[in-house]
Amino acid sequence: MKTGLIVDDHPVTHLGCGQLLEELGYERILNAYTEAEALTLSSSHAPGIVVLDLGLPGVGGLKLIEPLLRRAPETRILIFSMNEQTPFVARALAAGAQGYLSKNSRPEDFLEAVRTLEEGRPYLAHDMAVSVAMTRSGRPGDPVQALTDREYQVLRLISRGQSLQAISDALHISYKTAANTSSAVKRKLGARSTTELIRYAVEAGLDS
């Protein structure tokens, strides 16, 4: 039985992607709205394809890629996101995703992406592939790429207006660690204040 798992916090995405997966012969469509649900369903059903949004509440989709693949090594992960910026595409591919598709894409593109992953080949739109290749070849990239995973998590939460105490609670780290990480992110991105940091993150699409 062909099984697909859709991981997104928007019901409309589940509906649309589910219908497209059914067109491709997927008989069982699983829906997860949170990290915990995604990991539980992946462990129980080992889906052939996972359609994963990067903008999940909490840890975010990027941090889910590795544990999803640990639980179901044969799973093919297609990132389906509003964020088309090269640093995020590159991060997702480096983490183990096999495909990346913008939510602005046509339904035909979604069908092509899933078919491509089913054949064991990676999928990227042409323009996105060129951009990622240029970044990997040494062209100057977005400074977000220089952030560690923890710094990236903190930046995403700051962009959503979370306080340092809320961030420490969400990431299970001390307040001091959250504050020090925030300061490190400011240095790396050249932000002089939290307001500038939020503006940078919003412009980069990290608040989605």
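Figures for the structure shown
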item	result
Residue check for Glu74: in the same structural domain as Val12 (by TED's automatic domain parsing), within 18 Å of Lys2 (Cβ to Cβ) and touching a residue at least 12 places away in the same chain (Cβ under 8 Å)	yes
Tabulated pairs, the stretch 187-208, first outside the structural domain of Ile158 (by TED's automatic domain parsing) and under 15 Å from Pro87 (Cβ atoms), second at pLDDT 80 or above and surrounded by fewer than 13 Cβ atoms within 10 Å (Cβ to Cβ), C-beta under 6 angstrom, 6+ apart or interchain	Ser208/Met82
First in the stretch 17-33 and of a type in the set (Ser, Thr, Tyr), second anywhere and surrounded by 18 or more Cβ atoms within 10 Å (Cβ to Cβ) and in a strand (DSSP E or B), Cβ under 6 Å, 6 or more apart	Tyr26/Gly4
Qualifying residue in the stretch 39-54 (condition: within 17 Å of Pro122 (Cβ to Cβ), of a type in the set (Gly, Ala, Ser) and at pLDDT 95 or above)	yes
The stretch 38-52 - residue that is of a type outside the set (A, V, I, L, M) and surrounded by 14 or more Cβ atoms within 10 Å (Cβ to Cβ) and, of those, farthest from Ala170 (Cα to Cα)	Gly48
Residue among Thr116, Thr135, Thr177 that alone is more than 19 Å from Gly61 (Cα to Cα), modelled with pLDDT of 90 or more, under 21 Å from the mean Cα position of the chain (by Cα) and in a helix (DSSP H, G or I)	Thr116
Any chance Met128 is modelled with pLDDT under 90, under 17 Å from the mean Cα position of the chain (by Cα) and under 30 Å from Leu111 (Cα atoms)	yes
Residue in the stretch 53-64 that is over 16 Å from the mean Cα position of the chain (by Cα), in a helix (DSSP H, G or I), without any contact (Cβ under 8 Å) to a residue 60 or more places away in the chain and not assigned by TED's automatic domain parsing to the domain that holds Arg160 present	no
Looking only at the stretch 13-37, and only at residues there that are among the aliphatic types (A, V, I, L, M) and modelled with pLDDT of 95 or more, the one that is surrounded by the most Cβ atoms within 10 Å (Cβ to Cβ)	Leu21
Enumeration of residues in the stretch 66-111 that are under 15 Å from Gly48 (Cβ atoms), among the charged types (D, E, K, R) and either in contact with a helix residue (DSSP H, G or I) (Cβ under 7 Å, 6 or more places away or on another chain) or crowded, with 20+ Cβ neighbours inside 10 Å (or both)	Arg71, Arg76
Total residues in the stretch 21-47, condition touching a strand residue (DSSP E or B) at 6+ places or on another chain (Cβ under 6 Å) and either in the same structural domain as Ala166 (by TED's automatic domain parsing) or part of a loop (DSSP other than H, G, I, E, B) (or both)	2
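The values are calculated or read from the model by the stated rules, or taken from the named source; none is laboratory data. Remember, predicted model here, so these are calculated numbers, not experimental data. Neighbour counts are summed over all protein chains in view; Cβ atoms, including those assigned to glycine, are modelled from backbone coordinates with ideal geometry.
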